[in-house]
Amino acid sequence: MTNSSRMLCSQLQGRVMSAAEAAALIPAGATLGMSGFTGAGYPKAIPQALARRMREFQSRGEEFKVNLWTGASTAPELDGLLAEVGGISSRLPFQSDPLCRQQINDGRIEYLDLHLSEVSQYVWSGFLGNLDIAVIEVTAITEEGLLVPSSSVGNNKTWMEQAKKIILEVNHQQPLQLQGMHDIYYGTALPPHRLPIAVTQPDDRIGETLFRCPLEKVIAVVETSAPDRNSAFAPIDDNSRQIAGHILEFFDHEVKRGRLPKELLPIQSGVGNIPNAVLDGLNSGPYRNLTAFTEVIQDGMLAMLKSGTLRVASATSFSLSPEGIREFTDNIDFYRERIILRQQDISNHPELARRLGVIAMNGLLEADIYGNVNSTHVMGTRMMNGIGGAGDFARNGYLSIFMTPSTAKGGTISSIVPMVSHVDQTEHDVKVIVTEQGLADLRGLSPKQRARLIIENCAHPDFRDELWDYFERACAIGAGLHTPHILSEALSWHERYEKHGTMHRLRGLKSTA
């Protein structure tokens, strides 16, 4: 294949058209399965053409909305643009766009927040209804009609298999050298026909490098040339360094105690500045030949692969800064031998996370003194982004580590609270909580033991006395109770969130994906 022609399938030549012509094939009310995961591999031209079409309908006083399914978050050119024209009726399974978030919280978009590993099964099982059209970005189409996947895999295999019709975007800016990096598994089945998945190490390949595509369903091919969205990571700050330091010290301790091997176990990392700081710390430490079994590859993992700290990384997508994209494309042949991109029902598979013994590291909005974690909702009601893949790894991993600065909103809000306003990860799934103040290893502790450790090690000094006061009074009032609470006070604690604004400041931490 050459850059001059990436659409080599003669059977599809007659279906090449403009984005506007392709968008005209999408009816109002359709359910669309679009590619895209953390700003990589999403369609670039169709959403913009579709938004223009929606505006035309609106100018005539007619409503035009679609139901939008993706792999995870996409980009302003997709989520943001369709939300701007009021064109999204419902959305799943994860988003991070400010305008989309606002419309979800205003009740204008019905939002289904799902564990990312479950989406494919939900669709295959028919729980979500019919999928009308798949809109998928690919790198190239071979003479035989096979598809070279793009910079993310996500749910693309499921979308193409389940959709009644398919629209393909062939993006000339995606490197042709991506071919060979992917591992598309065609052995999935619904119960009772499931078979074991033969992944025993993160670098095991079990599938094919190209997508099979039912060509009879392809109604349009659009050739594009546009880059993925990319966002620079903020410089590593003191809080991030301190959190990373606590985690690295914890790893050293676990290795010395014989509870982790010297190569650790496969790591999974959410997206953001603090996870990147942890990866940077690992890259500077004594570890070599580590592996990653994760959702997203970000800058820190590229650096670890380059240095040899990381031997291989298995994921479903990239989330790179502009510098990271240049590093990747300049050295893509090197990375192709060390990166495997899979569909997200494999990259996030709970049984694989459990069997491989994944060390899961993810962010949070708030944690309570008993170890429950809120990853998604501000004040228990307003959606931030979604749970993403954090639950897939936290519940099933060997270790589940949740990281956050101890305060938000310029120090006016504590990230450690008496009772979280919404529970995404229960106390049963949270093994370690870390802030810049310290680390709380919650394994083997009762609720009251966990509370003492979290308050002492993780709470900011400005809020520690208040948390101690709450806990001690709750224990006195509910003497002998398993998990003491003063419910009225636990809930009123969150009123200060309203006084200091309606959103936590995430300080660079996001839920995974």
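Would a scan of the range 43-62 turn up a residue that is crowded, with 20+ Cβ neighbours inside 10 Å, closer than 26 Å to F127 by Cα and in contact with an Asp or Glu (Cβ under 9 Å, 6 or more places away or on another chain)? The answer is yes, given that some residue of the range 43-62 is crowded, with 20+ Cβ neighbours inside 10 Å, closer than 26 Å to F127 by Cα and in contact with an Asp or Glu (Cβ under 9 Å, 6 or more places away or on another chain).
Of all residues in the range 467-499, exactly one satisfies the criterion of being over 34 Å from the mean Cα position of the chain (by Cα) and closer than 12 Å to I416 by Cα, namely W468. Only one residue in S492, S421 is touching a residue at least 12 places away in the same chain (Cβ under 8 Å) and hydroxyl-bearing (S, T, Y), so which one is that? Of S492, S421, the one residue that is touching a residue at least 12 places away in the same chain (Cβ under 8 Å) and hydroxyl-bearing (S, T, Y) is S421.
How many of the residues in the range 186-242 are β-branched (V, I, T) and at pLDDT below 95? Qualifying residue count for the region: 2. Taking the stated definitions as given, is P266 of a type outside the set (K, R), assigned by TED's automatic domain parsing to the domain that holds F402 and closer than 26 Å to P149 by Cβ? Taking the combined requirement at face value, the residue satisfies it. Of the residues examined, F211 is not one that is among the aromatic types (F, W, Y), under 22 Å from Y398 (Cβ atoms) and either buried (at least 16 other Cβ atoms within 10 Å of the Cβ) or touching a helix residue (DSSP H, G or I) at 6+ places or on another chain (Cβ under 8 Å) (or both). Please determine, by comparing only the residues of the range 390-411 that are crowded, with 23+ Cβ neighbours inside 10 Å and in contact with a Gly (Cβ under 8 Å, 6 or more places away or on another chain), which one is farthest from A490 (Cα to Cα). Ranking the candidates gives G397 first. Within the range 432-456, if we keep just the residues that are in a helix (DSSP H, G or I) and not aliphatic (A, V, I, L, M), the residue that is surrounded by the most Cβ atoms within 10 Å (Cβ to Cβ) turns out to be R450. Selection within the range 218-232: residues that are more than 14 Å from S317 (Cβ to Cβ) and not small (G, A, S). The member of this set that is surrounded by the fewest Cβ atoms within 10 Å (Cβ to Cβ) is P227. Within the bounds of the range 272-291, is there any residue that is at pLDDT 95 or above, touching a helix residue (DSSP H, G or I) at 6+ places or on another chain (Cβ under 6 Å) and within 24 Å of G389 (Cβ to Cβ)? Within the range 272-291, not a single residue is at pLDDT 95 or above, touching a helix residue (DSSP H, G or I) at 6+ places or on another chain (Cβ under 6 Å) and within 24 Å of G389 (Cβ to Cβ). Sub-7 Å Cβ pairs linking a first residue in the range 5-33 that is over 16 Å from L82 (Cβ atoms) to a second residue that is part of a loop (DSSP other than H, G, I, E, B) and among the acidic types (D, E), at least 6 apart or interchain, are L8/E143; C9/E143, ordered by first then second residue.
The condition (being under 25 Å from P93 (Cβ atoms) and either in contact with an Asp or Glu (Cβ under 9 Å, 6 or more places away or on another chain) or surrounded by fewer than 22 Cβ atoms within 10 Å (Cβ to Cβ) (or both)) is satisfied by just one residue among R336, R355, R326: R355.
Considering every residue within the range 374-391, establish whether at least one is closer than 30 Å to G107 by Cβ and among the basic types (K, R). Yes: the range 374-391 contains one or more residues that are closer than 30 Å to G107 by Cβ and among the basic types (K, R).
If you go through the range 364-400 and keep only what is over 20 Å from A451 (Cα atoms) and part of a strand (DSSP E or B), you end up with H377, V378, R382, M383.
Here L248 passes the criteria (1) surrounded by fewer than 19 Cβ atoms within 10 Å (Cβ to Cβ); (2) under 30 Å from Y185 (Cβ atoms); (3) hydrophobic (A, V, I, L, M, F, W, C) except the one numbered (2). Could you check the range 97-118 and list, in sequence order, the residues that are in a helix (DSSP H, G or I) and over 24 Å from S231 (Cβ atoms)? Residues satisfying the conditions are S117, E118. Note on the range 401-414: residues that are out of contact with any Phe, Trp or Tyr (no Cβ under 9 Å at 6 or more places or on another chain) and closer than 20 Å to R452 by Cα amount to 4. Within the range 283-297, the set of residues being buried (at least 24 other Cβ atoms within 10 Å of the Cβ) and either hydroxyl-bearing (S, T, Y) or within 18 Å of P235 (Cβ to Cβ) (or both) comprises T294 only.
Is it true that A360 is out of contact with any Pro (no Cβ under 7 Å at 6 or more places or on another chain), over 20 Å from E295 (Cα atoms) and either assigned by TED's automatic domain parsing to the domain that holds I109 or in a strand (DSSP E or B) (or both)? No; evaluated as a whole, the condition is false for this residue. Selection of the range 145-164 for residues being touching a helix residue (DSSP H, G or I) at 6+ places or on another chain (Cβ under 9 Å), in a loop (DSSP other than H, G, I, E, B) and either surrounded by fewer than 21 Cβ atoms within 10 Å (Cβ to Cβ) or not assigned by TED's automatic domain parsing to the domain that holds L190 (or both) yields G145, K164.
The rows are residues; the columns are (1) modelled with pLDDT of 85 or more; (2) assigned by TED's automatic domain parsing to the domain that holds I433; (3) surrounded by 16 or more Cβ atoms within 10 Å (Cβ to Cβ); (4) under 30 Å from A277 (Cβ atoms).
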residue: C458; (1), (2), (3), (4): yes, yes, yes, yes
residue: L467; (1), (2), (3), (4): yes, yes, yes, yes
residue: G480; (1), (2), (3), (4): no, yes, no, no
residue: P484; (1), (2), (3), (4): yes, yes, yes, no
residue: E495; (1), (2), (3), (4): no, yes, no, no
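In the range 80-116, of all residues being touching a Gly at 6+ places or on another chain (Cβ under 9 Å) and among the acidic types (D, E), the one that is surrounded by the most Cβ atoms within 10 Å (Cβ to Cβ) corresponds to D97.
The values are calculated or read from the model by the stated rules, or taken from the named source; none is laboratory data. Remember, predicted model here, so these are calculated numbers, not experimental data. We place every Cβ from the backbone using ideal geometry, glycine too, and count neighbours over all the protein chains shown.
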